[in-house]
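Worksheet: the structure to be examined is printed underneath.
The values are calculated or read from the model by the stated rules, or taken from the named source; none is laboratory data. The model shown is predicted, which means the values in this text are computed figures rather than measured ones. Here the Cβ is made from the backbone with ideal geometry for all residues, glycine too, and neighbour counts use every protein chain on show.
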Amino acid sequence: MRINFILPPLGESGGTKVIFRYAEELRLRGHSVYVYLPVTGLGLHRYSNVLLNWLHNAYSFLKGLLEIVKNPNKGHYILRGISLFVRDADVTIATAWPTAYVVQKLSSSKGKKFYFIQDFEIWDNRQRGLQSYKLPLKKIVISEWINDQLKENLDIGPFPVVHNGLDSPEQKEVSAKKDPYSILMLNHRLSKKGVKYGLEAFRLAKREEPKIHLTMFGMNDSSNLPRDLDIRYFQNPSILLLQQLYQEAAIFIFPSIEEGWGLTPLEAMSYGNVVIGSDVGFAKEIGLNGENMLISSPRDSKSMAANMVKVIRNESFRELISEQAKKTTRALDWEKSAELFEKIIVHS
């Protein structure tokens, strides 16, 4: 089959990494796969102000040009997501709400049209985000939580669920002994990621255990973080550096208020980090409180802090959770996910 993915021009993210991995897996299964990267902003309409939208689209265009220079072989760069620039195919797949509108307008020669939904994306533009889910595209979602949101807000679904796979490290690559005071967390400017609640939990836990120290990483800089916590920060770390951070940490804070799935906490679990976080995303489906992670209600910083202290003070409990976390993530196999994804796009 000839399969096209259309990505949004928004730079690197966990979601885009997933798309490239599916492209790789589908190629291994004998398909011809193109990943298209529009250079323009696809009319994101992030702001109500026309000038701000124009400036944002101009910024996205410049960012796209820079991406071409930095990674010329990353994918198929196109000026705009229109039929002229997209090859004929058996299947074409939208990967974010702006690309859903693009795919919906493509000619029928681009094949069956799908919308691969990795989150309930309504933070840029709620109206257009919600409307994108009503477009006549075949949907695939990565979690039951997304199905719940689509049913609750739009009375549509349920749609086929395909959990993202995960590259679990070899056992020999995972450090057996970790610094019990080493804590790791993702930084993100989206309020739904709950960073402020994670920081509050760390601050509370540090009053009980002064030796703990926090490392954070993210695509953006650290200007949104407090200075008094002496946070070690890495902006846009390489894969090797991120793996090293997972190796070092004993605890990973996952404070999201909403989450389609949750790539980074699952990666952390695969390295034996004890994830302490919210009952959202993957935690609602494969998280087991007190067995493979410790779960709190969203925004409950006190509960997360108490769980941190409990894990730090009880080595045998920490090691038990760590082992179960690694076992859980080993079941998230990319080959199985790709097989299910393939069946859906072939037979729907």
Quick count over region 259-312, residues being among the acidic types (Asp, Glu) and in a helix (DSSP H, G or I), is 1
Breaking point among (1) at pLDDT 95 or above; (2) hydrophobic (A, V, I, L, M, F, W, C); (3) within 20 Å of Val162 (Cα to Cα), for Ala89:
(3)
Specify the residue that is surrounded by the most Cβ atoms within 10 Å (Cβ to Cβ); the eligible residues are those in region 178-222 that are among the acidic types (Asp, Glu) and within 26 Å of the chain's Cα centre (by Cα).
Glu200
Quick one: Arg189 ticks every box in (1) without any contact (Cβ under 8 Å) to a residue 24 or more places away in the chain; (2) assigned to a loop (DSSP other than H, G, I, E, B) bar one, so which box is it?
(1)
Which of (1) assigned to a loop (DSSP other than H, G, I, E, B); (2) among the aromatic types (Phe, Trp, Tyr); (3) under 18 Å from the mean Cα position of the chain (by Cα) is the odd one out, the single condition Trp145 does not satisfy?
(1)
Some residue of region 320-336 being farther than 26 Å from Thr16 by Cα, at pLDDT 95 or above and in a loop (DSSP other than H, G, I, E, B):
no
Among (1) among the polar types (S, T, N, Q); (2) farther than 21 Å from Thr16 by Cα; (3) more than 19 Å from the chain's Cα centre (by Cα) - the single one Ser132 does not satisfy
(2)
Scanning region 104-119 for residues that are of a type in the set (A, V, I, L, M, F, W, C) and either part of a strand (DSSP E or B) or buried (at least 23 other Cβ atoms within 10 Å of the Cβ) (or both) gives Phe114, Phe116, Ile117
Please go through region 120-129 and pick out each residue that is surrounded by fewer than 23 Cβ atoms within 10 Å (Cβ to Cβ) and under 13 Å from the mean Cα position of the chain (by Cα).
Glu121
The residue that is farthest from Val141 (Cα to Cα), considering only those in region 1-45 that are modelled with pLDDT of 95 or more and hydroxyl-bearing (Ser, Thr, Tyr), is Ser32
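Select from region 223-244 the residues that are in contact with a Leu (Cβ under 9 Å, 6 or more places away or on another chain) and either assigned to a loop (DSSP other than H, G, I, E, B) or not assigned by TED's automatic domain parsing to the domain that holds Leu190 (or both) and write down the one among them that is surrounded by the fewest Cβ atoms within 10 Å (Cβ to Cβ).
Asp230
Rundown of residues vs (1) farther than 25 Å from Ile146 by Cα; (2) in the same structural domain as His31 (by TED's automatic domain parsing); (3) of a type outside the set (Val, Ile, Thr); (4) touching a residue at least 40 places away in the same chain (Cβ under 8 Å), yes/no style:
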position: Thr264; (1), (2), (3), (4): no, no, no, yes
position: Met269; (1), (2), (3), (4): no, no, yes, yes
position: Ala283; (1), (2), (3), (4): no, no, yes, no
position: Met293; (1), (2), (3), (4): no, no, yes, no
position: Met304; (1), (2), (3), (4): no, no, yes, yes
position: Ser316; (1), (2), (3), (4): yes, no, yes, no
position: Ala325; (1), (2), (3), (4): no, no, yes, yes
